[in-house]
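The values are calculated or read from the model by the stated rules, or taken from the named source; none is laboratory data. Note that the structure is predicted; figures quoted are calculated from it, not measured. Heads up, the Cβs are rebuilt from the backbone with ideal geometry, glycines too, and the neighbour counts pull from every protein chain shown.
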Amino acid sequence: MDVAPLSPEDVDAVVTRIARRLRDDARRNHLVAPALDRATTTDALRAAASSVWVARRGGVVVGHLYGAVLGDGADRAAWVGPDGSSCDDSETLASLYAVAGREWINAGATRHVAWALDGAAHHAPWLELGFARSSVRASRRLTGQRARPLPVGYRWRHGGIDHLDAAVMLGREIDRVQALGPSFLLDAGEESLRTNLADTLDDPETIHHLVEYGGDVVAQAIIFPLDPRRGSFDDSWHLSTVAVAREHQHRGIATALVDHALADARARGGQIMETSWRVTNRDAQRFWLHYGFRPTYVRLQRRVGSD
């Protein structure tokens, strides 16, 4: 097997492989979009040619691998999207990763992340390379929405950047839960949480749903329309940061809040809602699956370095 950077004569073959990969994913999972703009994909591959690796066997392209290196410092990572790999077998992926992974490390990315279609058969080649399942992307169609009411005494309101302190307080509740076993997620710190939430709430497309009780904010959910991306349908929205203050949990507030947020996205033209959760957060997984979300892609990742 020969592994080399993408050459101009290989571009059409790789685009065809990506298109087939997305069609196969969509055939297996109806919540995955099969659409691919070949012209845009061709231009993107040509622009990133030096970072796209191609495997050939007998002169025939049998796989490709591309990871976008993003971030700084400890956050610097190589990201392989749903269209970032197309390998006929695990041996091809291993050969490609042996070369591409070294390039990522040389670029300062010791965290490697790949999105694979949900299902053990799709994860297995990555698991053999030392990756582990990290989080799940899941979707549901915005149809047949129920609008369950809030308990007596609670009321809706819209938030925004002026409610940053409340958003951080509720975000800390998510961090508290995920610090417990089996997640054991180390706390990134309030400053990082505040910065990320400020960036999100300052975006004019972000809709910040709040629940109040006695004048205090006790729950939140954030929704926003997704930019086009591989595997997602047009008019897809994202739901995140769903949290209820500890003393107000187990009263049906989270379910009513999600009802309200999804109905709002539908009213704004949304057709699909996406969310995500860490695979070790068993409570979150039970909640989202019970609500009707179905996994589409799983994020796998590994840290490179000494054990």
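Take the range 243-255 and flag every residue that is within 13 Å of Glu212 (Cβ to Cβ) and part of a helix (DSSP H, G or I).
His248, Ile253
Take the residues of the range 11-25 that are out of contact with any helix residue (DSSP H, G or I) (no Cβ under 7 Å at 6 or more places or on another chain) and touching a residue at least 24 places away in the same chain (Cβ under 8 Å): which is surrounded by the most Cβ atoms within 10 Å (Cβ to Cβ)?
Looking at the filtered set, the residue picked out is Asp25.
Select from the range 121-141 the residues that are under 21 Å from Arg230 (Cα atoms), out of contact with any Phe, Trp or Tyr (no Cβ under 7 Å at 6 or more places or on another chain) and surrounded by fewer than 22 Cβ atoms within 10 Å (Cβ to Cβ) and list them in ascending order. Give the derivation first.
Initial filter on the range 121-141 (under 21 Å from Arg230 (Cα atoms)): 121-123, 125-126, 133-141.
Then keep just the ones that are out of contact with any Phe, Trp or Tyr (no Cβ under 7 Å at 6 or more places or on another chain); that gives 121-123, 125-126, 133-134, 141.
Residues satisfying the conditions are Ala121, His122, His123, Pro125, Arg133, Ser134, Arg141.
For residues in the range 36-49 being without any contact (Cβ under 8 Å) to a residue 60 or more places away in the chain and not in a helix (DSSP H, G or I), which is farthest from Thr296 (Cα to Cα)?
Ala48
For the range 79-90, does any single residue satisfy the condition of being farther than 19 Å from Ala13 by Cβ, more than 23 Å from the chain's Cα centre (by Cα) and in the same structural domain as Val15 (by TED's automatic domain parsing)?
yes
Just give me the residues in the range 89-139 being among the aromatic types (Phe, Trp, Tyr), more than 16 Å from Ala4 (Cα to Cα) and assigned to a helix (DSSP H, G or I), in sequence order.
Here is the first cut: in the range 89-139, the residues among the aromatic types (Phe, Trp, Tyr) are 97, 104, 115, 126, 131.
Filter once more, so that each one left must be more than 16 Å from Ala4 (Cα to Cα): 115, 126, 131.
Selection gives Trp126 alone.
Of the residues that sit in the range 154-201 and are part of a loop (DSSP other than H, G, I, E, B), within 21 Å of the chain's Cα centre (by Cα) and not hydrophobic (A, V, I, L, M, F, W, C), which one is surrounded by the most Cβ atoms within 10 Å (Cβ to Cβ)?
Ser183
For the range 94-106, which residues satisfy the criterion of being crowded, with 22+ Cβ neighbours inside 10 Å, among the aliphatic types (A, V, I, L, M) and without any contact (Cβ under 8 Å) to a residue 60 or more places away in the chain?
Result: Ala100, single match.
Just to be sure, is Ser232 of a type in the set (Ser, Thr, Tyr), part of a strand (DSSP E or B) and in contact (Cβ under 8 Å) with a residue 24 or more places away in the chain?
Working: of a type in the set (Ser, Thr, Tyr): yes; part of a strand (DSSP E or B): no; in contact (Cβ under 8 Å) with a residue 24 or more places away in the chain: yes.
No, not satisfied.
Could you tell me whether Leu31 is within 18 Å of His122 (Cβ to Cβ), outside the structural domain of Pro228 (by TED's automatic domain parsing) and either of a type in the set (Asp, Glu) or surrounded by 14 or more Cβ atoms within 10 Å (Cβ to Cβ) (or both)?
Here the answer is yes, as Leu31 does meet what is asked.
Take the range 256-302 and flag every residue that is out of contact with any His (no Cβ under 8 Å at 6 or more places or on another chain), of a type in the set (Lys, Arg) and part of a strand (DSSP E or B).
The answer is Arg278, Arg294, Arg299.
Scanning the range 65-79 for residues that are surrounded by 23 or more Cβ atoms within 10 Å (Cβ to Cβ) and out of contact with any Cys (no Cβ under 8 Å at 6 or more places or on another chain), which turns out nearest to Ile105 (Cα to Cα)? Spell out the reasoning first.
Taking the range 65-79 first, the residues surrounded by 23 or more Cβ atoms within 10 Å (Cβ to Cβ) are 65-67, 78.
Still in the running and out of contact with any Cys (no Cβ under 8 Å at 6 or more places or on another chain): 66-67, 78.
Details: Tyr66: 14, Gly67: 11, Ala78: 9 Å.
Result: Ala78.
Only one residue in Asp216, Asp235 is under 21 Å from Leu22 (Cβ atoms) and surrounded by fewer than 17 Cβ atoms within 10 Å (Cβ to Cβ), so which one is that?
Checking each option against the conditions leaves just Asp235.
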